[in-house]
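Reading through the structure tokens given below for one structure.
The values are calculated or read from the model by the stated rules, or taken from the named source; none is laboratory data. Note that the structure is predicted; figures quoted are calculated from it, not measured. As a convention, Cβ positions derive from the backbone with ideal geometry for all residues, glycine included, and neighbour counts pool all protein chains shown.
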Amino acid sequence: MGLEAAHSRRRILHAHGDSSGAEVVRALAAAVRTAAHVTVLEGVIARDILTRDGVVTGVALHDIVNGETSHGVLATARVVLATGGLGGLFARTTNPLSSIGAGVALAARAGAAVADMEFVQFHPTALDPGQLAGRFVGPAPLVSEAVRGEGALLVNDLGVRFMTGAPGAELAPRDVVARAIWRQQQAGRRVFLDARASPGAGFAYRFPAITALCATAGLDPARDLLPVTPAAHYHMGGVAVDLRGRASLPGLWACGEVACTGLHGANRLASNSLVEALVCAGFVASDLKGTCAGAAGGSAVLRSAAAGLSPPGLANVTGLANADLAPIRALMSRCVGLERSADGLRQALARLAPLAANPTHPAADAALVGLLIAHAALARQESRGAHFRTDFPTPAPAAPRRAPVLLADVLADSAAPAATPYVTKIAS
């Protein structure tokens, strides 16, 4: 079993050496494609959760075909969000660049509460694309924490270890290691992971997928130093749910990274996300089974826009895929990244609020989710877990452990117009 940061003992089971997540997805996809009762709609974007009298009634859809868009409504009283995270809001991320918190935006616009939005975890050791001469385009490849669990060390370009003073050294909690690397970089130093002595020659056997990634960059972990950098990796916050996965909006459930169950606190332990996703998805399925058994109305029905159910004010979906998110990513990394302050967070709010308030802007969803993160980070006047404030560098015992909020309140606090576009309803 593997040892990872802030773990007191070896407790991590891996599939195929270092491919547990990929194996979970492979097995799930295979099960879905062979299930006769599951309909898969590929190339379809959910644009709004529709409500009537504060209850879910359906989902507005856009089907993107050959660069064109058509829309319709999936009429249903039960919606489950399992849309993943939001690392794509930052300049460097291990997530797909399309992971911008779309599920959080859907839920928040529909009136569901979100919670713990300020807690964004940065993985300390992604391969640094800035030192790899453009060999990677897209997400920064992850060098698992388990590599440090097997003895790899962090050094700067002077060959100096800089984690020796931290409890746990290289296996200190992720936020501690990530900030230490970031501060080295701010001082002009480059940072490397040294796995040459340990795991050394055994690296390829223990970590075959990472070995293949490194080979793409022309690196051999048993021989070469690996250039690394912190990258946005996991979001502890999201749609506020209970232990059944129910959101505050009746008819809405969420599981996986899009949900905020509270199980990870302010700083997720490595590998716990897969366990949470599997276990909590089971809770959601059990709750849905009971709900569906006693519900009227039958299965969801897909209707075209011609049925008159297309809601007004939808985002500009044609431009969505082509939205230039680089300015938002740069802003989030600079002002809402590893180290935050009131001045930087207020800058972010001022820049994001106008974009978030314009639902026809292609970057509205990204701006909206960034706004929720910045607002929560400004409100939490302490440092805790993955949330670090340079102006409040220590924990505050009296600070709330969980703070659910509604989008309307955030927009009001941010001096942005909170009216209509954010709660899309089918008129009674």
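List pairs: first in the stretch 326-352 and closer than 21 Å to GLN186 by Cα, second part of a helix (DSSP H, G or I) and of a type in the set (Val, Ile, Thr), Cβ under 6 Å, 6+ apart or cross-chain?
If the second residue must be part of a helix (DSSP H, G or I) and of a type in the set (Val, Ile, Thr), the pairs left are VAL336/ILE373.
Go through the residues of the stretch 90-99 one by one and say whether even a single one is over 30 Å from ARG206 (Cβ atoms) and of a type in the set (Lys, Arg). Before the answer, list the steps.
Going residue by residue through the stretch 90-99, those that are over 30 Å from ARG206 (Cβ atoms) are 91, 98.
Narrowing the set further to residues that are of a type in the set (Lys, Arg) leaves none.
Looking through the stretch 90-99, none of the residues is over 30 Å from ARG206 (Cβ atoms) and of a type in the set (Lys, Arg).
Got at least one residue in the stretch 50-65 being at pLDDT 90 or above, touching an Asp or Glu at 6+ places or on another chain (Cβ under 8 Å), closer than 20 Å to PRO359 by Cβ and not hydroxyl-bearing (Ser, Thr, Tyr)? Step through it out loud before you land on a result.
First pass over the stretch 50-65, keeping only residues at pLDDT 90 or above: 50-61.
If we keep only those that are touching an Asp or Glu at 6+ places or on another chain (Cβ under 8 Å) too, we end up with 59-60.
Keeping just the survivors that are closer than 20 Å to PRO359 by Cβ gives 59-60.
Of the ones still in play, those that are also not hydroxyl-bearing (Ser, Thr, Tyr) are 59-60.
Yes, the stretch 50-65 contains a residue that is at pLDDT 90 or above, touching an Asp or Glu at 6+ places or on another chain (Cβ under 8 Å), closer than 20 Å to PRO359 by Cβ and not hydroxyl-bearing (Ser, Thr, Tyr).
Could you list, in sequence order, the residues of the stretch 88-127 that are assigned to a loop (DSSP other than H, G, I, E, B), under 14 Å from the mean Cα position of the chain (by Cα) and surrounded by 24 or more Cβ atoms within 10 Å (Cβ to Cβ)? Don't jump to the end; show me each part of the working.
So in the stretch 88-127, the residues assigned to a loop (DSSP other than H, G, I, E, B) come out as 90-92, 94-101, 111-113, 116-119.
Checking the rest, the ones that are also under 14 Å from the mean Cα position of the chain (by Cα) come to 90-92, 94-101, 116-119.
The answer is PHE90, ASN95, ILE100, GLY101, ASP116, MET117, GLU118, PHE119.
What pairs can you find where one residue is in the stretch 371-391 and within 18 Å of ARG334 (Cβ to Cβ) and of a type in the set (Ser, Thr, Tyr), the other is at pLDDT 95 or above and surrounded by fewer than 20 Cβ atoms within 10 Å (Cβ to Cβ), and their Cβ atoms are less than 9 Å apart, with a gap of 6+ or different chains?
Listed by first residue and then by second, the contacts come to THR390/GLU339; THR390/SER341.
Quick check: anything in the stretch 320-335 at pLDDT 95 or above, outside any helix (DSSP H, G or I) and either buried (at least 16 other Cβ atoms within 10 Å of the Cβ) or of a type in the set (Lys, Arg) (or both)?
Yes; the residues of the stretch 320-335 include at least one that is at pLDDT 95 or above, outside any helix (DSSP H, G or I) and either buried (at least 16 other Cβ atoms within 10 Å of the Cβ) or of a type in the set (Lys, Arg) (or both).
Among all residue pairs at least 6 apart or on different chains, which show Cβ distances below 9 Å where the first residue, located in the stretch 154-175, is farther than 22 Å from GLY188 by Cβ and in a loop (DSSP other than H, G, I, E, B) and the second is at pLDDT 95 or above and not small (Gly, Ala, Ser)?
Close Cβ pairs satisfying both conditions: PRO167/VAL176; GLY168/VAL176; GLY168/VAL177; ALA172/MET163.
Restrict the check to the stretch 139-148 and report whether at least one residue is without any contact (Cβ under 8 Å) to a residue 60 or more places away in the chain, assigned to a strand (DSSP E or B) and surrounded by fewer than 24 Cβ atoms within 10 Å (Cβ to Cβ).
Looking through the stretch 139-148, none of the residues is without any contact (Cβ under 8 Å) to a residue 60 or more places away in the chain, assigned to a strand (DSSP E or B) and surrounded by fewer than 24 Cβ atoms within 10 Å (Cβ to Cβ).
Scan the stretch 387-401 for residues that are closer than 15 Å to ARG268 by Cα and either at pLDDT below 95 or touching a Pro at 6+ places or on another chain (Cβ under 9 Å) (or both) and jot them down.
Selection gives ARG401 alone.
Check whether at least one residue in the stretch 99-106 is among the small types (Gly, Ala, Ser) and not assigned by TED's automatic domain parsing to the domain that holds ALA356, and report yes or no. Spell out the reasoning first.
Quick first cut of the stretch 99-106, residues among the small types (Gly, Ala, Ser) only: 99, 101-103, 105.
Checking which are not assigned by TED's automatic domain parsing to the domain that holds ALA356 leaves us with none.
Taking every residue of the stretch 99-106 in turn, none turns out to be among the small types (Gly, Ala, Ser) and not assigned by TED's automatic domain parsing to the domain that holds ALA356.
Residues ASP157, ASP175: which one is surrounded by fewer than 23 Cβ atoms within 10 Å (Cβ to Cβ) and out of contact with any Cys (no Cβ under 6 Å at 6 or more places or on another chain)? Walk me through how you get there before you give the answer.
Numbers: ASP175 fails: surrounded by fewer than 23 Cβ atoms within 10 Å (Cβ to Cβ).
Sole residue among the options that is surrounded by fewer than 23 Cβ atoms within 10 Å (Cβ to Cβ) and out of contact with any Cys (no Cβ under 6 Å at 6 or more places or on another chain): ASP157.
Test of understanding: among LEU269, LEU243, which residue is in a loop (DSSP other than H, G, I, E, B), in the same structural domain as THR57 (by TED's automatic domain parsing), at negative phi and without any contact (Cβ under 8 Å) to a residue 60 or more places away in the chain? Give the derivation first.
Details: LEU269 fails: without any contact (Cβ under 8 Å) to a residue 60 or more places away in the chain.
Step by step, each of LEU269, LEU243 is checked, and only LEU243 is in a loop (DSSP other than H, G, I, E, B), in the same structural domain as THR57 (by TED's automatic domain parsing), at negative phi and without any contact (Cβ under 8 Å) to a residue 60 or more places away in the chain.
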